[in-house]
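Student: So that we are looking at the same thing, I have put the structure below in structure tokens.
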Amino acid sequence: MKYSYACEPLAYSFDALEPYIDKKTLNIHFGKHYQGYIDNLNRVLQNAVDQQTMTLDQLLTHLRSLPVSLQTGVRNFGGGVYNHALFWQVMAPQGGGQPAGLLAERIEQTFGAFDAFQKQMSDTAKTLFGSGWAWLCTDEHGSLSIIQTHDQECPLTDGHYPLMCIDVWEHAYYLHYQNRRGDFVDAWWHVANWPFIQARYEEHVK
Ligand code: MN
């Protein structure tokens, strides 16, 4: 992705993730929140000629080397665009289940079993204070790690390559789940798009 940024269409309809993620929430999340990050990122970069030619991955990876006047805007809105663009892809109708292949092997090696991984990822999402994200990340060696980021900070900025994410900003769940973030996180696993996440891992480590 590169300037000027645009809202790619969702690969599924707004009601396709029901009952786990309701149509109204997904519609507002995608059409208002995500669109807002895109519009604001374009505004932040409108006079930044050098940064307009960089990809969003490059901007976020090298965030701390950007002109200071751009850093907050790229962190908040660039992160908002990148994080959500990935979030839409790590979910799918008829998702859920467990990964297979290389990713499944590494999850077992790293966490002992899929259940243990799932619990650690869920706990990471549930215990994040305030707004932010839980992530499964990898590195150049294919090692796996689970991390939290606050607000719209992107793991790329700290050298982690994100494989999957759960958005635990209230806007991701509040209309349907209200204060019950834990119920949202537990339900989220039913829409996990393992074929996509596995392919992303294999693509990164090959
Ligand atoms: Mn969000």
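The values are calculated or read from the model by the stated rules, or taken from the named source; none is laboratory data. Given the structure is predicted, the values throughout are model-derived calculations rather than measurements. Don't worry about glycine lacking a Cβ; one is built from the backbone with ideal geometry, like all the others, and counts go over all protein chains shown.
Student: Can you spot a residue in segment 27-35 that is within 22 Å of G159 (Cα to Cα), basic (K, R) and out of contact with any helix residue (DSSP H, G or I) (no Cβ under 6 Å at 6 or more places or on another chain)?
Tutor: No, segment 27-35 contains no residue that is within 22 Å of G159 (Cα to Cα), basic (K, R) and out of contact with any helix residue (DSSP H, G or I) (no Cβ under 6 Å at 6 or more places or on another chain).
Student: I've got another one for you. Do the conditions hold for L103, that is, is it in contact with an Asp or Glu (Cβ under 8 Å, 6 or more places away or on another chain), closer than 30 Å to T55 by Cα and touching a residue at least 24 places away in the same chain (Cβ under 8 Å)?
Tutor: yes
Student: With a cut-off of at least 2 residues that are over 13 Å from the mean Cα position of the chain (by Cα), name the strands (runs of 3 or more DSSP E) lying wholly within segment 110-206.
Tutor: 144-150
Student: Mind listing whichever residues of segment 152-206 are in contact with a Gly (Cβ under 6 Å, 6 or more places away or on another chain) and within 16 Å of the ligand (Cβ to nearest atom)?
Tutor: Matches in segment 152-206: Q152, E153, C154, V191.
Student: Can you work out which of the residues in segment 38-87 that are over 23 Å from C137 (Cα atoms) and within 16 Å of the ligand (Cβ to nearest atom) is surrounded by the most Cβ atoms within 10 Å (Cβ to Cβ)?
Tutor: L41
Student: Which condition number does L17 fail, the rest of (1) over 14 Å from V191 (Cβ atoms); (2) crowded, with 17+ Cβ neighbours inside 10 Å; (3) within 16 Å of the ligand (Cβ to nearest atom) being met?
Tutor: If we test L17 against (1) over 14 Å from V191 (Cβ atoms); (2) crowded, with 17+ Cβ neighbours inside 10 Å; (3) within 16 Å of the ligand (Cβ to nearest atom), just (1) comes out false.
Student: Out of curiosity, is M1 surrounded by 15 or more Cβ atoms within 10 Å (Cβ to Cβ), at pLDDT below 95 and touching a Leu at 6+ places or on another chain (Cβ under 7 Å)?
Tutor: yes
Student: Same structure again: Using the structure shown, decide if E140 is modelled with pLDDT under 95 and of a type outside the set (F, W, Y).
Tutor: yes
Student: Anything in segment 111-138 that is surrounded by fewer than 15 Cβ atoms within 10 Å (Cβ to Cβ) and β-branched (V, I, T)? List them, or say none.
Tutor: T127, the sole residue that qualifies.
Student: Still on this model: Identify the single condition in (1) basic (K, R); (2) at pLDDT below 95; (3) closer than 19 Å to L60 by Cα that K206 does not satisfy, given that it satisfies every other one.
Tutor: For K206, the failing item is (3).
Student: Right, next: I'd like the full set of residues that are outside any helix (DSSP H, G or I) and free of Cβ contacts under 8 Å to residues at least 40 places away in the same chain, limited to segment 20-46.
Tutor: Selection gives Q46 alone.
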